[in-house]
Amino acid sequence: MKVGILGATGAVGQKFIRLLQNHPWFTITALGASERSAGKKYKDAVNWVEDVNLPDYIAEMIVSDCNPSSFEGVDFVFSGLDSSVATEIEGDLAKAGIPVISNAKNYRMNPTVPLLVPEVNPDHIELIKTQTFTEDGSGWIVTNPNCVAVPLSIALKPIYDTFGIEALILTTMQAISGAGYPGVASLDILGNVVPFIGGEEPKIAPETQKLLGSYSDGVITEPRYPVQATCTRVPTLNGHMASVTVKLAKELSGIEEVREAVLNFKNPIAELGLPSAPKQLIRLHDEIRYPQPRLHADQENGMQLHMGRLRKAEVFDISFVCMAHNTIRGAAGGAILNAELLVKKGYLEN
Ligand code: NAP
(Lines give C-alpha, C1' and ligand atoms only; values in the text may rest on other atoms or scores of the structure.)
Protein backbone atom coordinates (compact mmCIF):
# COMPACT_ATOMS: atom_id res chain seq x y z
CA MET A 1 0.00 0.00 0.00
CA LYS A 2 1.16 3.53 -0.75
CA VAL A 3 1.45 5.74 2.32
CA GLY A 4 2.17 9.42 2.93
CA ILE A 5 3.71 10.98 6.05
CA LEU A 6 2.42 14.32 7.36
CA GLY A 7 5.00 16.11 9.53
CA ALA A 8 7.69 13.93 7.93
CA THR A 9 10.57 16.15 9.07
CA GLY A 10 9.68 16.07 12.80
CA ALA A 11 10.81 13.62 15.49
CA VAL A 12 7.76 11.36 15.05
CA GLY A 13 7.89 11.72 11.24
CA GLN A 14 11.49 10.49 11.24
CA LYS A 15 10.52 7.53 13.40
CA PHE A 16 7.81 6.64 10.86
CA ILE A 17 10.40 6.69 8.07
CA ARG A 18 12.76 4.52 10.06
CA LEU A 19 10.12 1.98 11.07
CA LEU A 20 8.56 1.76 7.61
CA GLN A 21 11.83 0.84 5.89
CA ASN A 22 11.31 -2.74 4.69
CA HIS A 23 7.74 -2.86 6.01
CA PRO A 24 6.07 -5.84 4.31
CA TRP A 25 2.78 -4.01 3.56
CA PHE A 26 3.48 -0.24 3.42
CA THR A 27 5.72 1.85 1.15
CA ILE A 28 6.25 5.59 1.63
CA THR A 29 5.39 7.51 -1.55
CA ALA A 30 4.77 11.07 -0.26
CA LEU A 31 6.25 13.29 2.44
CA GLY A 32 4.61 16.46 3.72
CA ALA A 33 5.72 19.19 6.13
CA SER A 34 5.42 22.98 6.52
CA GLU A 35 6.00 25.66 3.89
CA ARG A 36 9.53 25.94 5.35
CA SER A 37 10.34 22.45 4.06
CA ALA A 38 8.06 22.15 1.01
CA GLY A 39 9.88 22.01 -2.33
CA LYS A 40 13.17 20.85 -0.78
CA LYS A 41 14.74 17.39 -1.03
CA TYR A 42 14.02 15.55 2.23
CA LYS A 43 17.74 15.38 3.08
CA ASP A 44 17.95 19.19 2.87
CA ALA A 45 14.77 19.83 4.86
CA VAL A 46 15.36 17.45 7.76
CA ASN A 47 17.72 17.42 10.71
CA TRP A 48 17.98 13.60 10.76
CA VAL A 49 18.35 12.44 14.38
CA GLU A 50 17.69 8.72 14.02
CA ASP A 51 20.70 6.45 14.68
CA VAL A 52 20.37 4.62 11.35
CA ASN A 53 21.29 6.11 7.98
CA LEU A 54 18.63 8.06 6.14
CA PRO A 55 17.43 5.69 3.36
CA ASP A 56 18.67 6.91 -0.06
CA TYR A 57 15.27 6.87 -1.78
CA ILE A 58 13.76 8.98 1.04
CA ALA A 59 16.72 11.41 1.07
CA GLU A 60 16.06 12.34 -2.57
CA MET A 61 12.25 12.66 -2.29
CA ILE A 62 10.84 16.19 -2.57
CA VAL A 63 8.89 17.29 0.50
CA SER A 64 5.45 18.70 -0.32
CA ASP A 65 3.06 20.89 1.64
CA CYS A 66 0.24 19.10 3.48
CA ASN A 67 -2.62 19.97 1.12
CA PRO A 68 -4.78 17.01 0.05
CA SER A 69 -3.71 17.48 -3.59
CA SER A 70 -0.14 16.62 -2.59
CA PHE A 71 -1.31 13.20 -1.37
CA GLU A 72 -3.37 12.08 -4.37
CA GLY A 73 -2.64 8.42 -5.08
CA VAL A 74 -1.75 7.38 -1.53
CA ASP A 75 -3.91 4.78 0.20
CA PHE A 76 -3.68 6.57 3.54
CA VAL A 77 -1.41 8.89 5.55
CA PHE A 78 0.32 8.73 8.91
CA SER A 79 0.44 12.05 10.76
CA GLY A 80 3.17 13.35 13.05
CA LEU A 81 1.95 16.93 12.68
CA ASP A 82 2.38 19.67 15.21
CA SER A 83 -0.89 20.02 17.09
CA SER A 84 -1.14 23.71 16.17
CA VAL A 85 -1.94 22.68 12.59
CA ALA A 86 -3.26 19.10 12.84
CA THR A 87 -6.98 19.91 13.21
CA GLU A 88 -7.26 21.66 9.88
CA ILE A 89 -4.80 19.60 7.85
CA GLU A 90 -5.97 16.18 9.05
CA GLY A 91 -9.62 17.22 8.68
CA ASP A 92 -9.01 18.43 5.11
CA LEU A 93 -7.36 15.16 4.12
CA ALA A 94 -10.19 13.09 5.62
CA LYS A 95 -12.72 15.28 3.76
CA ALA A 96 -10.77 14.58 0.56
CA GLY A 97 -11.29 10.82 1.12
CA ILE A 98 -7.82 10.06 2.48
CA PRO A 99 -7.75 8.04 5.75
CA VAL A 100 -5.53 9.63 8.42
CA ILE A 101 -3.79 7.67 11.19
CA SER A 102 -2.59 10.33 13.58
CA ASN A 103 -0.30 10.85 16.55
CA ALA A 104 -1.52 14.36 17.23
CA LYS A 105 -3.87 15.03 20.13
CA ASN A 106 -6.41 17.08 18.19
CA TYR A 107 -9.02 14.41 17.36
CA ARG A 108 -8.31 11.96 20.20
CA MET A 109 -11.31 12.93 22.32
CA ASN A 110 -13.73 13.40 19.41
CA PRO A 111 -16.57 10.94 20.19
CA THR A 112 -16.60 9.63 16.60
CA VAL A 113 -12.83 9.05 16.42
CA PRO A 114 -11.25 5.81 17.66
CA LEU A 115 -8.43 6.38 20.14
CA LEU A 116 -6.80 3.07 19.49
CA VAL A 117 -4.37 0.67 21.12
CA PRO A 118 -4.98 -2.62 19.27
CA GLU A 119 -4.40 -4.84 22.30
CA VAL A 120 -6.68 -2.73 24.53
CA ASN A 121 -9.73 -1.66 22.50
CA PRO A 122 -9.72 -3.11 18.96
CA ASP A 123 -13.54 -3.02 18.85
CA HIS A 124 -13.49 0.82 19.00
CA ILE A 125 -12.50 0.75 15.31
CA GLU A 126 -16.24 0.49 14.58
CA LEU A 127 -16.53 4.20 15.50
CA ILE A 128 -15.14 4.96 12.05
CA LYS A 129 -18.61 4.21 10.66
CA THR A 130 -20.01 7.18 12.62
CA GLN A 131 -17.65 9.71 11.00
CA THR A 132 -19.01 12.17 8.47
CA PHE A 133 -15.91 13.59 6.76
CA THR A 134 -17.10 12.08 3.46
CA GLU A 135 -20.50 10.86 2.29
CA ASP A 136 -19.15 7.52 1.08
CA GLY A 137 -17.07 6.89 4.23
CA SER A 138 -13.78 6.87 2.33
CA GLY A 139 -12.12 9.54 4.51
CA TRP A 140 -11.74 9.07 8.26
CA ILE A 141 -9.38 9.63 11.20
CA VAL A 142 -7.99 7.17 13.75
CA THR A 143 -5.68 8.39 16.53
CA ASN A 144 -3.23 6.86 18.93
CA PRO A 145 -2.94 8.10 22.50
CA ASN A 146 -0.44 10.23 24.33
CA CYS A 147 2.84 8.41 25.01
CA VAL A 148 1.97 7.89 28.72
CA ALA A 149 -1.62 6.75 28.11
CA VAL A 150 -0.24 3.92 25.91
CA PRO A 151 1.79 2.05 28.58
CA LEU A 152 -0.69 2.99 31.28
CA SER A 153 -3.73 1.66 29.41
CA ILE A 154 -1.99 -1.62 28.50
CA ALA A 155 -0.89 -2.16 32.12
CA LEU A 156 -4.32 -1.24 33.50
CA LYS A 157 -6.39 -3.26 31.02
CA PRO A 158 -6.07 -6.69 32.75
CA ILE A 159 -6.43 -5.00 36.15
CA TYR A 160 -9.51 -3.01 35.12
CA ASP A 161 -11.16 -6.04 33.49
CA THR A 162 -10.59 -8.25 36.54
CA PHE A 163 -11.00 -5.93 39.52
CA GLY A 164 -12.37 -2.58 38.31
CA ILE A 165 -10.66 0.71 39.24
CA GLU A 166 -11.85 3.25 41.80
CA ALA A 167 -8.92 5.69 41.88
CA LEU A 168 -5.42 6.15 40.53
CA ILE A 169 -2.31 8.06 41.58
CA LEU A 170 0.67 8.14 39.26
CA THR A 171 3.97 9.91 38.76
CA THR A 172 5.68 9.69 35.39
CA MET A 173 9.37 9.87 34.54
CA GLN A 174 9.34 10.87 30.88
CA ALA A 175 12.27 10.64 28.49
CA ILE A 176 13.58 13.71 26.69
CA SER A 177 12.79 12.33 23.22
CA GLY A 178 9.12 12.85 24.12
CA ALA A 179 9.62 16.59 23.74
CA GLY A 180 10.54 16.33 20.04
CA TYR A 181 13.62 18.07 18.62
CA PRO A 182 15.36 20.22 19.89
CA GLY A 183 13.10 19.55 22.87
CA VAL A 184 14.08 20.54 26.40
CA ALA A 185 17.08 22.88 26.76
CA SER A 186 20.17 20.90 27.83
CA LEU A 187 20.78 23.23 30.78
CA ASP A 188 17.29 22.41 32.06
CA ILE A 189 17.55 18.63 31.87
CA LEU A 190 21.22 17.61 32.24
CA GLY A 191 21.63 16.05 35.71
CA ASN A 192 18.18 17.29 36.62
CA VAL A 193 14.46 16.50 36.93
CA VAL A 194 11.82 18.94 35.74
CA PRO A 195 8.63 18.38 37.79
CA PHE A 196 6.15 19.62 35.20
CA ILE A 197 5.43 18.97 31.50
CA GLY A 198 3.11 21.51 29.93
CA GLY A 199 -0.24 20.10 28.80
CA GLU A 200 0.62 16.50 29.75
CA GLU A 201 -1.25 15.82 33.00
CA PRO A 202 -4.77 16.75 31.78
CA LYS A 203 -4.55 14.19 28.93
CA ILE A 204 -3.92 11.15 31.10
CA ALA A 205 -7.31 10.55 32.74
CA PRO A 206 -9.58 11.19 29.74
CA GLU A 207 -7.43 9.28 27.25
CA THR A 208 -6.94 6.26 29.49
CA GLN A 209 -10.64 6.16 30.39
CA LYS A 210 -11.66 6.40 26.72
CA LEU A 211 -9.31 3.49 25.95
CA LEU A 212 -10.81 1.37 28.74
CA GLY A 213 -14.36 2.29 27.75
CA SER A 214 -16.81 -0.24 26.35
CA TYR A 215 -18.16 0.13 22.81
CA SER A 216 -21.77 -0.44 21.83
CA ASP A 217 -23.82 0.89 18.90
CA GLY A 218 -21.48 3.72 17.95
CA VAL A 219 -20.99 4.98 21.52
CA ILE A 220 -18.21 4.47 24.05
CA THR A 221 -19.16 4.34 27.70
CA GLU A 222 -16.14 5.37 29.73
CA PRO A 223 -15.31 4.43 33.30
CA ARG A 224 -15.00 7.42 35.63
CA TYR A 225 -12.58 7.47 38.56
CA PRO A 226 -10.36 10.20 40.00
CA VAL A 227 -6.78 10.33 38.70
CA GLN A 228 -3.98 12.28 40.37
CA ALA A 229 -1.13 12.55 37.84
CA THR A 230 2.27 14.22 38.19
CA CYS A 231 4.32 14.29 34.98
CA THR A 232 8.05 14.85 35.20
CA ARG A 233 10.81 15.04 32.60
CA VAL A 234 13.95 13.07 33.44
CA PRO A 235 17.28 12.79 31.62
CA THR A 236 16.64 9.42 29.96
CA LEU A 237 16.66 9.20 26.17
CA ASN A 238 13.77 6.86 25.38
CA GLY A 239 11.13 5.07 27.45
CA HIS A 240 8.47 6.71 29.59
CA MET A 241 8.16 5.14 33.04
CA ALA A 242 5.21 5.59 35.39
CA SER A 243 4.88 4.69 39.06
CA VAL A 244 1.22 3.81 39.59
CA THR A 245 -0.93 3.15 42.69
CA VAL A 246 -4.45 1.86 42.21
CA LYS A 247 -7.56 1.61 44.37
CA LEU A 248 -9.46 -1.41 43.10
CA ALA A 249 -13.22 -1.78 42.98
CA LYS A 250 -13.09 -5.38 44.27
CA GLU A 251 -11.43 -6.58 47.43
CA LEU A 252 -8.13 -8.34 46.88
CA SER A 253 -7.14 -11.51 48.73
CA GLY A 254 -3.48 -11.23 47.72
CA ILE A 255 -1.13 -9.69 45.18
CA GLU A 256 -0.89 -13.09 43.41
CA GLU A 257 -4.37 -12.46 42.03
CA VAL A 258 -3.15 -9.35 40.23
CA ARG A 259 -0.07 -11.12 38.97
CA GLU A 260 -2.25 -13.85 37.50
CA ALA A 261 -4.59 -11.33 35.87
CA VAL A 262 -1.63 -9.63 34.18
CA LEU A 263 0.08 -12.87 33.13
CA ASN A 264 -3.15 -14.45 31.86
CA PHE A 265 -4.31 -11.39 29.91
CA LYS A 266 -5.72 -12.58 26.60
CA ASN A 267 -4.26 -10.33 23.92
CA PRO A 268 -7.13 -9.87 21.42
CA ILE A 269 -4.80 -9.45 18.41
CA ALA A 270 -2.34 -12.23 19.27
CA GLU A 271 -3.48 -14.47 16.42
CA LEU A 272 -3.74 -11.83 13.68
CA GLY A 273 -0.11 -11.94 12.52
CA LEU A 274 0.36 -8.17 12.47
CA PRO A 275 3.98 -7.44 11.45
CA SER A 276 4.65 -4.82 14.17
CA ALA A 277 2.96 -6.62 17.08
CA PRO A 278 5.29 -7.79 19.85
CA LYS A 279 5.35 -11.54 20.40
CA GLN A 280 4.96 -11.02 24.14
CA LEU A 281 2.83 -7.94 24.85
CA ILE A 282 3.43 -7.53 28.60
CA ARG A 283 6.70 -8.47 30.23
CA LEU A 284 6.18 -8.56 33.98
CA HIS A 285 9.59 -8.33 35.64
CA ASP A 286 10.16 -10.09 38.97
CA GLU A 287 13.64 -8.60 39.50
CA ILE A 288 13.18 -5.72 41.90
CA ARG A 289 15.51 -3.43 39.90
CA TYR A 290 13.66 -3.86 36.58
CA PRO A 291 12.29 -2.55 34.25
CA GLN A 292 14.76 0.17 33.29
CA PRO A 293 14.37 2.41 30.24
CA ARG A 294 17.94 1.93 28.99
CA LEU A 295 17.81 -1.86 29.27
CA HIS A 296 14.26 -2.59 28.17
CA ALA A 297 12.72 0.21 26.08
CA ASP A 298 14.08 -1.22 22.80
CA GLN A 299 13.04 -4.82 23.44
CA GLU A 300 10.68 -6.42 20.89
CA ASN A 301 11.51 -3.52 18.53
CA GLY A 302 10.27 -1.00 21.10
CA MET A 303 6.72 -2.42 21.06
CA GLN A 304 6.68 -4.28 24.38
CA LEU A 305 5.10 -3.05 27.60
CA HIS A 306 7.21 -3.56 30.71
CA MET A 307 5.80 -3.87 34.22
CA GLY A 308 7.57 -4.41 37.50
CA ARG A 309 7.59 -3.69 41.24
CA LEU A 310 4.10 -5.19 41.48
CA ARG A 311 3.21 -5.13 45.17
CA LYS A 312 0.47 -4.56 47.68
CA ALA A 313 0.19 -0.87 48.51
CA GLU A 314 0.01 0.74 51.94
CA VAL A 315 -2.23 3.44 50.49
CA PHE A 316 -4.96 2.14 48.15
CA ASP A 317 -4.51 -1.51 47.01
CA ILE A 318 -1.67 -2.14 44.58
CA SER A 319 1.41 -0.38 43.21
CA PHE A 320 3.55 -1.09 40.15
CA VAL A 321 5.73 0.61 37.56
CA CYS A 322 5.15 0.40 33.82
CA MET A 323 7.33 1.56 30.94
CA ALA A 324 7.31 1.59 27.13
CA HIS A 325 9.30 3.22 24.35
CA ASN A 326 7.63 6.61 23.91
CA THR A 327 8.41 7.37 20.28
CA ILE A 328 7.87 3.77 19.09
CA ARG A 329 5.08 2.12 21.15
CA GLY A 330 3.89 5.54 22.31
CA ALA A 331 3.91 7.20 18.86
CA ALA A 332 5.00 6.00 15.40
CA GLY A 333 5.15 2.25 16.11
CA GLY A 334 1.73 2.35 17.76
CA ALA A 335 0.28 4.17 14.74
CA ILE A 336 1.79 1.59 12.36
CA LEU A 337 0.26 -1.23 14.44
CA ASN A 338 -3.09 0.60 14.24
CA ALA A 339 -2.78 0.71 10.45
CA GLU A 340 -1.96 -3.00 10.33
CA LEU A 341 -5.08 -3.78 12.36
CA LEU A 342 -7.15 -1.54 10.07
CA VAL A 343 -5.85 -3.50 7.07
CA LYS A 344 -6.72 -6.84 8.71
CA LYS A 345 -10.21 -5.55 9.57
CA GLY A 346 -10.80 -4.39 5.98
CA TYR A 347 -10.88 -0.64 6.60
CA LEU A 348 -7.71 0.01 4.60
CA GLU A 349 -7.27 -1.46 1.16
CA ASN A 350 -5.50 -0.48 -2.04
P1 NAP B 1 8.18 18.11 15.81
O2 NAP B 1 9.51 17.41 15.87
O3 NAP B 1 8.10 19.52 16.25
O4 NAP B 1 7.61 18.00 14.29
C5 NAP B 1 6.47 18.69 13.86
C6 NAP B 1 6.21 18.44 12.37
O7 NAP B 1 5.07 19.23 11.99
C8 NAP B 1 7.37 18.85 11.43
O9 NAP B 1 7.46 17.95 10.36
C10 NAP B 1 6.89 20.21 10.92
O11 NAP B 1 7.42 20.54 9.63
C12 NAP B 1 5.41 19.98 10.82
N13 NAP B 1 4.68 21.26 10.78
C14 NAP B 1 4.78 22.30 11.64
N15 NAP B 1 3.99 23.34 11.21
C16 NAP B 1 3.40 22.93 10.07
C17 NAP B 1 2.49 23.51 9.15
N18 NAP B 1 2.05 24.77 9.33
N19 NAP B 1 2.08 22.80 8.08
C20 NAP B 1 2.54 21.54 7.87
N21 NAP B 1 3.42 20.92 8.70
C22 NAP B 1 3.84 21.59 9.79
O23 NAP B 1 7.11 17.32 16.70
P24 NAP B 1 7.08 15.76 17.14
O25 NAP B 1 7.76 15.57 18.44
O26 NAP B 1 7.50 14.93 15.96
O27 NAP B 1 5.52 15.56 17.41
C28 NAP B 1 4.58 15.50 16.34
C29 NAP B 1 3.20 15.23 16.86
O30 NAP B 1 3.16 13.95 17.50
C31 NAP B 1 2.75 16.25 17.92
O32 NAP B 1 1.37 16.49 17.72
C33 NAP B 1 3.05 15.53 19.23
O34 NAP B 1 2.23 15.99 20.28
C35 NAP B 1 2.74 14.08 18.87
N36 NAP B 1 3.45 13.09 19.68
C37 NAP B 1 4.79 13.16 19.91
C38 NAP B 1 5.41 12.15 20.67
C39 NAP B 1 6.89 12.15 20.97
O40 NAP B 1 7.33 11.25 21.71
N41 NAP B 1 7.71 13.07 20.40
C42 NAP B 1 4.67 11.10 21.16
C43 NAP B 1 3.29 11.05 20.88
C44 NAP B 1 2.71 12.05 20.14
P45 NAP B 1 8.73 21.52 9.45
O46 NAP B 1 9.95 20.69 9.78
O47 NAP B 1 8.66 21.89 8.01
O48 NAP B 1 8.55 22.67 10.39
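Only strands (runs of 3 or more DSSP E) whose full extent lies in the range 250-334 are considered here, and none of them has at least 3 residues that are touching a Leu at 6+ places or on another chain (Cβ under 7 Å) and not hydrophobic (A, V, I, L, M, F, W, C).
Let's see how each residue does on (1) at pLDDT 95 or above; (2) of a type in the set (G, A, S); (3) open to solvent by 40 Å² or more (accessible area, probe 1.4 Å):
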{"site": "F71", "(1), (2), (3)": "yes, no, no"}
{"site": "F76", "(1), (2), (3)": "yes, no, no"}
{"site": "S79", "(1), (2), (3)": "yes, yes, no"}
{"site": "G91", "(1), (2), (3)": "yes, yes, no"}
{"site": "A96", "(1), (2), (3)": "yes, yes, yes"}
{"site": "I101", "(1), (2), (3)": "yes, no, no"}
{"site": "Y107", "(1), (2), (3)": "yes, no, no"}
{"site": "P114", "(1), (2), (3)": "yes, no, no"}
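Yes/no matrix, rows are residues, columns are (1) open to solvent by less than 60 Å² (accessible area, probe 1.4 Å); (2) of a type in the set (K, R); (3) in contact with a His (Cβ under 9 Å, 6 or more places away or on another chain); (4) not assigned by TED's automatic domain parsing to the domain that holds N106:
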{"residue": "I165", "(1), (2), (3), (4)": "yes, no, no, yes"}
{"residue": "T172", "(1), (2), (3), (4)": "yes, no, yes, yes"}
{"residue": "G178", "(1), (2), (3), (4)": "yes, no, yes, yes"}
{"residue": "S186", "(1), (2), (3), (4)": "no, no, no, yes"}
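Checked against the criterion of being touching a Pro at 6+ places or on another chain (Cβ under 6 Å), open to solvent by 10 Å² or more (accessible area, probe 1.4 Å) and not polar (S, T, N, Q), the range 298-307 contains one or more residues that satisfy it. Out of L272, L341, L237, one residue alone is touching a Ser or Thr at 6+ places or on another chain (Cβ under 7 Å) and at pLDDT 95 or above. It is L237.
Pairs meeting the criteria (first residue in the range 120-134 and free of Cβ contacts under 8 Å to residues at least 24 places away in the same chain, second residue open to solvent by 20 Å² or more (accessible area, probe 1.4 Å), beta carbons under 9 Å, at least 6 apart or on different chains) are T132/T112. Residue count for the range 66-87 satisfying the condition of being out of contact with any helix residue (DSSP H, G or I) (no Cβ under 9 Å at 6 or more places or on another chain) and near the ligand (Cβ under 9 Å from one of its atoms): 5.
Scanning the range 102-126 for residues that are away from the ligand (no atom under 13 Å from the Cβ), within 22 Å of I328 (Cβ to Cβ) and out of contact with any Pro (no Cβ under 6 Å at 6 or more places or on another chain) gives P114, L116, P118, E119, V120, N121.
Condition test on T172, is it under 29 Å from V77 (Cα atoms) and not small (G, A, S)?
Values: under 29 Å from V77 (Cα atoms): no; not small (G, A, S): yes.
Against the criterion (under 29 Å from V77 (Cα atoms) and not small (G, A, S)), T172 does not qualify.
Tell me the residue from G13, G39 that is of a type outside the set (D, E, K, R), touching a strand residue (DSSP E or B) at 6+ places or on another chain (Cβ under 8 Å) and open to solvent by less than 20 Å² (accessible area, probe 1.4 Å), please. Talk me through it step by step, then tell me what you get.
Values: G39 fails: open to solvent by less than 20 Å² (accessible area, probe 1.4 Å).
Exactly one of G13, G39 is of a type outside the set (D, E, K, R), touching a strand residue (DSSP E or B) at 6+ places or on another chain (Cβ under 8 Å) and open to solvent by less than 20 Å² (accessible area, probe 1.4 Å), namely G13.
Checking each residue in the range 313-340 for being out of contact with any strand residue (DSSP E or B) (no Cβ under 6 Å at 6 or more places or on another chain) and either farther than 19 Å from N146 by Cβ or away from the ligand (no atom under 11 Å from the Cβ) (or both) picks out E314, V315, I336, L337, E340.
Filter the range 217-240 down to the residues that are among the β-branched types (V, I, T) and outside any loop (DSSP other than H, G, I, E, B) and list them by number.
Start the filter on the range 217-240 by keeping residues that are among the β-branched types (V, I, T), which leaves 219-221, 227, 230, 232, 234, 236.
Result: V219, I220, T221, V227, T230, T232.
Can you tell me which of T208, T172 is part of a strand (DSSP E or B), closer than 25 Å to Q304 by Cβ and among the hydroxyl-bearing types (S, T, Y)? Exactly one of T208, T172 is part of a strand (DSSP E or B), closer than 25 Å to Q304 by Cβ and among the hydroxyl-bearing types (S, T, Y), namely T172.
Starting from residues that are under 26 Å from N238 (Cα atoms) and within 16 Å of the ligand (Cβ to nearest atom), keep the ones in the range 21-33 and report whichever is surrounded by the fewest Cβ atoms within 10 Å (Cβ to Cβ). By that ranking, first place goes to I28.
Every residue, every condition in (1) within 13 Å of the ligand (Cβ to nearest atom); (2) modelled with pLDDT of 95 or more; (3) open to solvent by 40 Å² or more (accessible area, probe 1.4 Å); (4) closer than 25 Å to E340 by Cβ, yes or no:
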| position | (1), (2), (3), (4) |
| --- | --- |
| P145 | yes, yes, no, yes |
| V150 | yes, yes, no, yes |
| A155 | no, yes, no, yes |
| D161 | no, yes, yes, yes |
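The single condition among (1) closer than 19 Å to P182 by Cα; (2) open to solvent by 30 Å² or more (accessible area, probe 1.4 Å); (3) of a type outside the set (F, W, Y) that N53 does not satisfy is (1). Among the residues of the range 170-181, are any within 26 Å of S214 (Cα to Cα), at pLDDT 95 or above, in contact with a Leu (Cβ under 9 Å, 6 or more places away or on another chain) and hydrophobic (A, V, I, L, M, F, W, C)? Yes, that holds for at least one residue.
Restricting L348, L310 to those that are open to solvent by less than 20 Å² (accessible area, probe 1.4 Å) and in contact (Cβ under 8 Å) with a residue 24 or more places away in the chain reduces the list to L348.
The values are calculated or read from the model by the stated rules, or taken from the named source; none is laboratory data. Note that the structure is predicted; figures quoted are calculated from it, not measured. Reconstructed Cβ throughout: ideal geometry from the backbone, glycine too, with neighbour counts over all protein chains shown. Quick note on the areas: whole protein, heavy atoms, side chains included, nothing else; ligands and nucleic acids left out. Shrake-Rupley method; radii C 1.70, N 1.55, O 1.52, S 1.80 Å.
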